[in-house]
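**Student:** Once you've had a glance at the structure underneath, I'll fire off some questions.
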Amino acid sequence: MLRSLVGSEMCIRDSYNNLGNFALCDGKLHLASVYFSNAMKACASLGDSPSSSISKLTLHSVMYNCGVCALLRRQYHASLTSLIPTFETMKGSALLWRRTTQALSLIHI
């Protein structure tokens, strides 16, 4: 359905990521995780290569969103699995550090 509306795989990836963010803001965590999962699949189908800095940043932003969603669903190990690889491109983000330390501290409680 979405593919017929927007056409390209890149638009599909961005659309799923945006829909995931809207669902996350509405508190619909499971729906958001479905959208983020679809965005990750679209990244894989595009073949986002690690050498391309733009595609890496896009992939890491989707992974960050997946990590935040998993953290809010109290799946702390899954959150860390998504958040830790994003340090390569987002290490200057205070929110990334906060979310990662939050997940680490909640694992050990």
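The values are calculated or read from the model by the stated rules, or taken from the named source; none is laboratory data. If you're wondering where the values come from, they're calculated on a predicted model, not measured in any experiment. Here Cβ is always computed from backbone atoms with ideal geometry, including for glycine, and neighbour counts include all displayed protein chains. Heavy atoms of the whole protein, side chains included, go into the accessibility calculation; ligands, DNA and RNA do not. Shrake-Rupley method; radii C 1.70, N 1.55, O 1.52, S 1.80 Å.
**Student:** Determine whether residue 84 is surrounded by fewer than 19 Cβ atoms within 10 Å (Cβ to Cβ), aliphatic (A, V, I, L, M) and outside any helix (DSSP H, G or I).
**Tutor:** Values: surrounded by fewer than 19 Cβ atoms within 10 Å (Cβ to Cβ): yes; aliphatic (A, V, I, L, M): yes; outside any helix (DSSP H, G or I): no.
The answer is no for residue 84.
**Student:** Exactly one condition in (1) open to solvent by less than 60 Å² (accessible area, probe 1.4 Å); (2) modelled with pLDDT of 95 or more is not met by residue 37; state its number.
**Tutor:** Exception for residue 37: condition (2).
**Student:** So in region 57-73, with the set limited to residues that are more than 8 Å from the chain's Cα centre (by Cα) and open to solvent by 40 Å² or more (accessible area, probe 1.4 Å), which one is modelled with the lowest pLDDT?
**Tutor:** Among them, the one singled out is 57.
**Student:** Of all the residues that make up region 1-28, how many are at pLDDT 90 or above, open to solvent by less than 60 Å² (accessible area, probe 1.4 Å) and either among the aliphatic types (A, V, I, L, M) or more than 12 Å from residue 62 (Cα to Cα) (or both)?
**Tutor:** 3
**Student:** For residue 31, indicate whether it is assigned to a helix (DSSP H, G or I) and at pLDDT below 95.
**Tutor:** On the way: assigned to a helix (DSSP H, G or I): yes; at pLDDT below 95: no.
So residue 31 does not fit the description; no.
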